[in-house]
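*Asks:* Below is one structure. I have some questions about it.
Quick note: the coordinates plus some simple rules give every number you see, no bench work behind them. In this text the structure is predicted, and so the values were computed from the model without any measurement. Virtual Cβ from ideal backbone geometry, glycine too; neighbours counted across all protein chains shown.
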Amino acid sequence: METEKEDEEVLLQVAVDALSVGSVYALISMGYNLVYGILGQLNFAHGDVYTVGCFITFTLFVSGVNPILAIIIGVCAGAVVNLIVERFAYRPLRKRGSNRIAPTISAVGIAYIMRNIVQLIWGPQTYAFDLQIIPSKTIQVGNAYVGTLQIWILLIAVLIMVLMTMALKKTKWGQAIVSISQDITTSSLMGIKTDRIIAIIYGLGAALGVIGGILFCSYYGFIYMGIGFAYGTMKAWMATIWGGIGSLKGAIVGALCLGIIETFVGAYVSTTYKDVIVWLVFIIFIMVRPHGLFPQEVAEKV
Amino acid sequence: MLLEIKDLVVKYGQISALNGISLSVEEGKLTCLLGANGAGKSTLVKTLSGIMKPAKGEIIFNGENIAGMPMHQIYKKGITLCPEGRRIFPQQTVYENLKMGAYNRRDNEIQADVEKYYEMFPILGERKNQKAGLLSGGEQQMLAICRALMGRPKFLMLDEPSMGLAPKIVKEIFNTINRIRQEGITILLIEQNAKQALKIADYGYVLDVGYITMHDSAEKLYQNETLQKAYFGGGQ
């Protein structure tokens, strides 16, 4: 009887953890997916670009800057870095009508450059990460104890995703992004300044990445140069495939699934083999549903 | 003349698609451009709308040379292309597609225009909240035309609007084009369906592998035997 109750309490804690990890992945995947939507570009630089923003926030904070201000500057810095990258590494390729492979390879290059810049400035060591804006307490829900940090992370991530989804649906520039992700040339025919909107997409993608990255670092309490690739790019890519390429809803649901599976495997099966098991589940999943959970619902009729 | 093209050369790499063509479009008139596949018809409208850049030549629109301008600037002059293959945004709703057509407008009559096209094509009104990709081919073509009109163009180019559609729908499309013309919009119509196009057009040009081989009033072209043999085929 006693153990059964304990099981329930643990389950609730794990569930909250799973949802907050999942929602952080969702935020990161959303930024990744925005870019994926436009050129079908596998943006391998996504994680490493936003890592720069996270480190800037971290450095500002430890040197005494107000944490909110540090976050804002970090988010803007991430966006600016991606704007520059887009201008010089992706746009010229797009203008020359390259295929999808070229910008992807370009992105791999950018990823290495960014990671090396981060390593050059901040070194390879792991730093403790705690912005101290969210009180890291536990609250009692029934008989279970749930961390406030996890709940806050979940709320912030969900709020930003809801705002973002609404902005895409309801604002003019949001609709322009949706159009461009379907057909760049036709969008230009509507008089949309596509270069500008595409730049905004990259900026926005990185901004969402930085926010996701900061939440990620807050959750685990550390930051180091590798957070972008292993925990960002690869997870976002996985979530995108999981959910269905080109579907924002898919990326969010895929990321949530990823977070949930990962956390439950970590809690109940093995922490050491967590990644191995998650990848195995992923591989089996794509064999069964190669187009993901939400395959492109509407095929263009010709 | 609303549009005057002088000695226009357009190339794909080393290969010329248009070898120095000249043509003009009179304001308020429907001009059609005929020709077989690969004649360069689409290349011409792609160049006029800025998708492609000319290698040589002038495109005078409303007294201004617009050759090589960026697409959004050309669009602002009042030139709109309704592209080949419809190219509606399949993931967006019918309503959202129409709104995209009015992307650059700042006035407060956008909603009124939307309603107007719902009235013109009730099916679009009925399906306004459905994804455009779910519409039939003919409905998508109507949507594509309305979307182009939402920008209130002075000059509308229609690239193969009847392509791949059932004869009954084709007729409806041509009726629609006629109606647009009556609203005073200058139209350049590209068609493989030469017979139908010449019936509603005022003037016509015939394009053949990058050269203009014939041009005359639509009436005269309609009666031209060489043209009849080459382009009317067994069609309706």
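*Asks:* When the distances between all Cα atoms of the range B:110-236 are binned every 5 Å from zero, what whole-number percent does each bin get?
*Replies:* Final binned percentages: 2, 9, 19, 21, 19, 13, 8, 5, 3, 0.
*Asks:* Averaged over peptide B:91-104, how many Cβ atoms belonging to another chain are found within 10 Å of each residue's Cβ?
*Replies:* What the average comes to for B:91-104 is 4.
*Asks:* Could you please rank A:Arg87, B:Arg152, placing first whichever residue has the fewest other Cβ atoms within 10 Å of its Cβ?
*Replies:* A:Arg87, B:Arg152
*Asks:* In whole Hz and in residue order, list the ³J(HN,Hα) couplings for the range B:164-174 that follow from phi through the Karplus curve 6.51 cos²θ - 1.76 cosθ + 1.60, θ = phi - 60°; x for Gly and Pro.
*Replies:* x, 10, 5, x, 5, 5, 4, 4, 5, 4, 5
*Asks:* Quick one: check the C-alpha center-to-center distance for the range A:84-159 versus the range A:58-76, whole angstrom.
*Replies:* Cα centroid to Cα centroid, the span is 15 Å.
*Asks:* Order of A:Met190, B:Met69 from fewest to most other C-beta atoms within 10 Å? Each step should come with its number before you reach the end.
*Replies:* Values: A:Met190 27, B:Met69 18.
Least to most surrounded, the residues fall as B:Met69, A:Met190.
*Asks:* To check my understanding: the extent here is largest minus smallest coordinate of the Cα atoms along each principal axis. What are those three numbers for the range B:1-123, in Å, largest first?
*Replies:* 44, 30, 25
*Asks:* Could you pull out every residue, at least 5 positions away or on a different chain, whose amide H is within less than 5 Å of the one on B:Leu165? Hs are placed 1.01 Å off N in the peptide plane, and Pro or chain starts have none.
*Replies:* none
*Asks:* To the nearest 20 Debye, how big is the dipole of the protein assembly as shown about its Cα centre, given +1 on the beta carbon of each Lys and Arg and -1 on that of each Asp and Glu?
*Replies:* 1280 debye
*Asks:* A further question on this structure: Taking each residue of B:79-89 in turn, how many C-beta atoms of other protein chains fall within 10 Å of its C-beta, and what is the average?
*Replies:* Details: counts 2, 3, 4, 2, 4, 0, 3, 4, 7, 5, 11.
Taking the mean over all residues of the peptide, I get 4.
*Asks:* A further question on this structure: Please state the equivalent ellipsoid semi-axes for chain B: what are the square roots of 5 times the Cα gyration tensor eigenvalues, largest first, in whole Å?
*Replies:* Ellipsoid semi-axes (Å, largest first): 28, 22, 16.
*Asks:* Above 18 Å lies some portion of the pair distances; for the range B:47-187, what is it as a whole percent of all C-alpha pairs?
*Replies:* 56 percent
*Asks:* Return the whole-Å distance between the Cα centroid of the range B:164-218 and the Cα centroid of the range B:22-99.
*Replies:* 15 Å
*Asks:* From the square roots a ≥ b ≥ c of the eigenvalues of the alpha-carbon gyration tensor of the range B:67-141, which class results: rounded (a/c under 1.5), prolate (a/b over b/c), or oblate?
*Replies:* oblate
*Asks:* On to the next question. Considering the alpha-carbon set of chain A alone, what are its Rg and its Dmax in angstrom?
*Replies:* My reading of the Cα-based Rg and Dmax gives 19.5, 69 Å.
*Asks:* Please work out whether the range A:179-302 counts as rounded, prolate or oblate from its C-alpha gyration tensor, where a ≥ b ≥ c are the square roots of the eigenvalues and a/c under 1.5 means rounded, while otherwise a/b larger than b/c means prolate and anything else oblate?
*Replies:* Because a/c hits 1.5 or more and a/b fails to exceed b/c, the range A:179-302 counts as oblate.
*Asks:* Also, I was wondering about something else. Send over the semi-axes of the protein assembly as shown's equivalent ellipsoid, whole angstrom and largest first, taken as the square roots of 5 times the C-alpha gyration tensor eigenvalues.
*Replies:* Computed over the protein assembly as shown, the values are 54, 24, 20 Å.
*Asks:* Around A:Ile200, with a cut-off of 15 angstrom between Cβ atoms, what is the net charge of the other residues, counting Lys and Arg +1 and Asp and Glu -1?
*Replies:* Taking every other residue near A:Ile200 into account, the sum is +4.
*Asks:* Within a Cβ distance under 15 Å of B:Ala67, other residues only, what is the Lys/Arg minus Asp/Glu net charge?
*Replies:* Neighbourhood net charge equals +2.
*Asks:* Another one. Could you work out [θ]222 nm for the protein assembly as shown from helices alone, using -39500 (n - 2.57) per DSSP H run of at least four and dividing by all its residues? Round to the nearest 500 deg cm²/dmol. If you can, show how the numbers build up before the last one.
*Replies:* Working: 21 runs with 295 residues, N = 538.
Mean residue ellipticity at 222 nm (helix-derived): -17500 deg cm²/dmol.
*Asks:* Measuring from label point to label point, each 7 Å out along Cα→Cβ, what is the A:Thr138 to B:Lys53 span in nm?
*Replies:* Between A:Thr138 and B:Lys53, the label points sit 6.5 nm apart.
*Asks:* Still on this structure: List every residue whose amide H lies under 5 Å from the amide H of A:Val141, counting only residues 5 or more places away in sequence or on a different chain, with H placed 1.01 Å from N in the peptide plane.
*Replies:* A:Val146
*Asks:* A further question on this structure: Using a Förster distance of 56 angstrom, determine the FRET efficiency expected from the C-beta separation of A:Ile68 and A:Val288, and round it to 0.05.
*Replies:* Numbers: r = 45 Å, r/R0 = 0.80.
After rounding, the FRET efficiency stands at 0.80.
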